[in-house]
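Below: the structure, in structure tokens.
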Amino acid sequence: MSSSPGAEPTRTGRRLSPRTRQVIKAVLSLVLVVGIFYFLFKRIDFAEVWAEIKAMTWLELSVLLLIALWNLVTYVLVWMTVTTPRLSFGRGMLMTQSTTAISNTVPGGAAIGIGMTYSMMGKWGYSRSRTTTAVLVSGVWNSFIKLALPVFALAVVALQGRVSSARVIAALIGLAGLAAAVVVFALMLHSEEQARQVGLRAGRIVSRLLALVHRPPVAGWEIATVKFRARTVDLLRHGWIPITVASLLSHLSLYLVLLVALRQVGVGEAEVSWAEVLAVFAFARLATAIPFTPGGAGVVEAVLIGGLVAAGGEVDQVTAAVLVYRALTWALPILVGIGCYLWWRRQSMPTGRKATRRGLVPP
């Protein structure tokens, strides 16, 4: 049977449900993590690695734990600088730790974490536009520092006389990326018309990419970027210094956990200098810009161990330090975040439901 001339062809393919896509992401992430750890660790003597960890004293472990807890606090400081009115420390702790726990455990957890951020901030009286400004400004500053740290670290390494052509090329690539990001951000803030044009062009690019996977185009990005510009200009006019300081402090605190872990297991300055550790750390942070696995599991370990051993570290000591570092900066936030999320759920529960759950009021 022939179809009528005006009839449109029907699509017989069925889209995967969100649950199915989430399961596929989870399986692919798990396969990637297992593959990375298998190829990374098959030549490592874990008996020696465990011996290096057990050789650490309680004082050394306690110092590391204190630095790791301080690192968690710095996440809150960033959010306290990008919100108006200022987010309280207690609420900031609940929100940042809860969302970090999601990002570290669930494939695509960053998007879920952002959704949770909107939910929490909304219950505390923040509008979606104010939350969006805070999310974007903190994200932009985080990206700037991620791009700037490798350039700074490699420059210091070069001054120490440990320069190589590969490091120079990496520094130039990082510098180019940073310059491009700064230019785009500056254009968007320069005027309303520039912000509108940036939104239009970004929307067209994203719409073309979505068309490749048969998704509808985006709309209204030019309106969103104009609103974002207005709120961002007002926020940055008096707050760009504390935002920069808090964001930089957060990154450097995370780096400090790694540096102290290396020194505590015996990787000295003569083997891997602080600048080389910073360079490897910075590139590991860049490697997680695209979240292939939750919290960069497997990816971060591979980059850190490979880079630090290449810089001169002994493989068993480096592996021990990296595993301790990840336990304190990946696993610990999950445990803290679960506790924070449960506390938030309990506090945000309506009074009647709280009384019912306590057995004070019949259900």
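The values are calculated or read from the model by the stated rules, or taken from the named source; none is laboratory data. In this text the structure is predicted, and so the values were computed from the model without any measurement. Please note: Cβ atoms are built from the backbone with ideal geometry, for glycine as well, and neighbour counts cover all protein chains shown. These area figures cover heavy atoms from the full protein model, side chains too; ligands, DNA and RNA do not enter into them. Shrake-Rupley method; radii C 1.70, N 1.55, O 1.52, S 1.80 Å.
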Please compute the modelled spin-label separation between Asn142 and Arg204, points set 7 Å along Cα→Cβ, answer in nm with one decimal.
3.0 nm
Kirkwood hydrodynamic radius, computed over distinct alpha-carbon pairs, for the stretch 202-263: how many Å, to one decimal?
15.2 Å
Go ahead and run the numbers for FRET between Ala211 and Ser191, Cβ-Cβ distance against an R0 of 35 Å, rounding to 0.05.
0.70
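Could you give the length gained on full extension between Ala270 and Ser127, defined as 0.36 nm per residue of separation minus the Cα-Cα distance, in nm? Intermediate values should be presented prior to the final figure.
Values: separation 143, 0.36 × 143 = 51.48 nm, distance 5.20 nm.
That works out to 46.3 nm of additional length.
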Gain in span if fully extended, Leu342 to Leu159, counting 0.36 nm per residue against the direct Cα distance:
61.0 nm
Can you send over the solvent-accessible area of Arg346, 1.4 Å probe, protein chains only, in Å² to the nearest 10?
120 Å²
How far apart, in nm, are the 7 Å Cα→Cβ label points at Val73 and Arg263?
1.9 nm
For Lys227, which aspartates and glutamates qualify as cross-link partners when the Cα separation must be under 16 Å and same-chain residues fewer than eight apart are set aside?
Glu192, Glu193
Could you tally the net charge around Ala68, taking each other residue with its Cβ under 14 Å from the Cβ of Ala68, Lys/Arg +1 and Asp/Glu -1?
0
So, in nm, how far is label Ser62 from label Val245 when the simple model puts each one 7 Å beyond its Cα toward the Cβ?
3.1 nm
How much accessible area does Thr288 have with a 1.4 Å probe, in Å² rounded to the nearest 10?
40 Å²
Solvent-accessible area of Ile102, probe 1.4 Å, all protein chains present, reported in Å² to the nearest ten, please.
40 Å²
